[in-house]
Amino acid sequence: MDQQSTDLQQRFSALLESDYNYTSPKRGDIREATILSITANEVFVDIGGKRDGIIPRQDLDLLDEAYRSSLQAGDRVPVCIQDTRTQGDGITVSLNEGLAQQDWLQAEALLENGGIYKAEVTDTNRGGVLVSFGRMRGFVPNSHLASVPPGLRGERLQEAKSDLIGKTLSLTVIEVNQRQHRLVLSERAANHSQRQELLKALSINETRTGTVRNLVHFGAFVDLGGLDGLIHISELDWGHVEHPSDVLNIGDQVEVQVLNVDHDRGRVELSRKRLLPDPWSTATEKLQVDQTIEGTVIKIVEFGAFVAIGDSLEGLVHTSEMPEGKATCEALEPDSPVTVRVLNIDQRRHRIALSMQGIPDAGHAQKNVESIER
């Protein structure tokens with residue numbers, strides 16, 4: 001055989017191999033197909049084999065009307081092989097099951113990477129709520145619902161779940177079992193995941209703007225955009241704050257400085273006062289040890305009394321620095337005026353020690369406090 005004949009034979013063999021080098025379609029296989037034509041009763045698709053695929057009318061009727069109307073020749077769609085027996089020149093395939101398989105693959109990907117999926121609640125049952133997941137339904141158990149207040153039982157629990165119908169939840173996939181058609185999601189896990197992402201985005205000492213969400217006796221909770229932080233009452237203002245409602249209201253927009261981020265416990269500590277002018281930087285320059293000034297009692301404690309002395313400054317009069325000790329302390333009342341003498345100024349700790357002993361005349365003290373306020 002001459003060289004030309006040999007080359008021709010090789011080319012012919014290669015052509016035959018390329019013609020048959022494909023995997024024969026089997027029932028249940030998922031193929032990416034290209035729509036060839038659309039008729040009133042069926043859709044013809046190219047599945048990359050010898051025969052075209054045919055999507056019958058009964059399968060098309062299972063599709064969402066808007067999606068079905070959007071289909072056109074040239075679109076690439078996932079299909080599931082239904083029947084490999086010849087139907088004319090084609091084999092029966094299902095677009096509906098192909099799309100469902102695509103949803104299962106998405107669920108598995110979310111399970112692997114921990115991504116967030118937003119789904120609408122469609123129904124409830126005794127164990128939780130049902131949500132839409134593409135063309136499938138997912139299940140969120142009661143214990144994984146963050147939108148339902150904890151501790152609810154019986155009818156109250158069912159009512160709370162029913163109120164969620166039509167609402168969209170942020171969820172993460174926690175179980176995928178295609179064989180049992182089981183898809184389980186969690187709102188609590190999604191919230192934790194989102195919180196961790198938000199925590200990572202925070203930096204110590206950075207300034208954020210948030211919304212006051214709640215006020216409690218020990219401070220204010222501020223929503224930083226899906227993540228709550230706490231302003232402790234001591235970080236609300238440079239002056240004495242009896243209750244957070246003295247300086248803030250629920251719904252207020254407030255600028256805060258990030259003091260600490262606890263990733264393990266998911267807690268954020270904030271400060272409002274550190275973004276306000278510090279009265280210590282100027283007012284204490286006008287104070288001197290042994291200076292006598294007029295003040296106002298703002299809080300009485302077992303060991304003494306805190307006294308406001310102007311410009312958001314306050315000092316402590318210990319019972320040992322009162323004329324009659326505890327008896328004098330018990331006789332004091334909040335908002336009552338007192339004359340005090342400066343014993344010590346601790347700039348580093350922002351503390352002023354005061355005394356009610358060894359006081360000159362009150363008129364001289366009044367002049368002193370007026371000079372501080374100026």
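We did not get these values from a lab; they are worked out from the coordinates using the rules stated. Note that the coordinates shown come from a computational prediction; the quantities given were computed from them, not determined experimentally.
Would you mind listing how long the stretch 142-254 runs along its three principal axes, going by Cα atoms, in whole Å with the largest first?
Answer, in whole Å and largest first: 64, 36, 21 Å.
State the dimensionless ratio Rg/Rh of the stretch 26-110 (Rg: radius of gyration of Cα atoms; Rh: Kirkwood radius).
Radius of gyration relative to Kirkwood radius: 0.95.
Per the helix-only calculation at 222 nm, which mean residue ellipticity applies to the chain, given -39500 (n - 2.57) for every DSSP H run of n ≥ 4 and division by its residues, nearest 500 deg cm²/dmol?
-7000 deg cm²/dmol
Based on the inverse mean of 1/r over its pairs of different Cα atoms, what is the Kirkwood hydrodynamic radius of the stretch 122-204, in Å?
13.7
Treating each Cα of the stretch 203-275 as an identical point scatterer and ignoring solvent, apply the Debye formula and state log10 I(q)/I(0) at q = 0.24 Å⁻¹.
-1.07
Quick one: 3J(HN,Hα) in Hz for the stretch 244-251, Karplus 6.51/-1.76/1.60 with θ = phi - 60°, rounded, Gly and Pro as x.
Listing the rounded values in order: x, 5, 5, 10, 9, 10, 4, x Hz.
Between 0 and 90 degrees, rounded to the nearest ten: what's the tilt of helix 95-113 against the longest Cα principal axis of the chain?
That works out to roughly 40 degrees.
Mind listing the long-range amide H neighbours of V93? Cut-off is under 5 Å, sequence gap 5 or more, other chains count too, H placed in the peptide plane at 1.01 Å from N.
HN-HN under 5 Å from V93: I54, I55, Q82.
List the aspartates and glutamates whose alpha-carbon lies under 14 Å from that of K26, not counting same-chain residues fewer than 8 positions away?
Leaving aside aspartates and glutamates fewer than 8 places away in the same chain, those within reach of K26 are D52, D83.
Report the residue, chosen from S271, S143, S186, that carries the largest GNM mean-square fluctuation when the chain is represented by alpha-carbon nodes joined by springs under 10 Å.
For the chain, modelled as a Gaussian network with Cα springs under 10 Å, the answer is S143.
Give me the Kirkwood hydrodynamic radius of the chain, using the inverse of the mean 1/r over all pairs of distinct Cα atoms, in Å to one decimal.
28.0
Most fluctuating residue of T34, T328, T168 in a GNM of the chain with Cα springs under 10 Å: which is it?
T328
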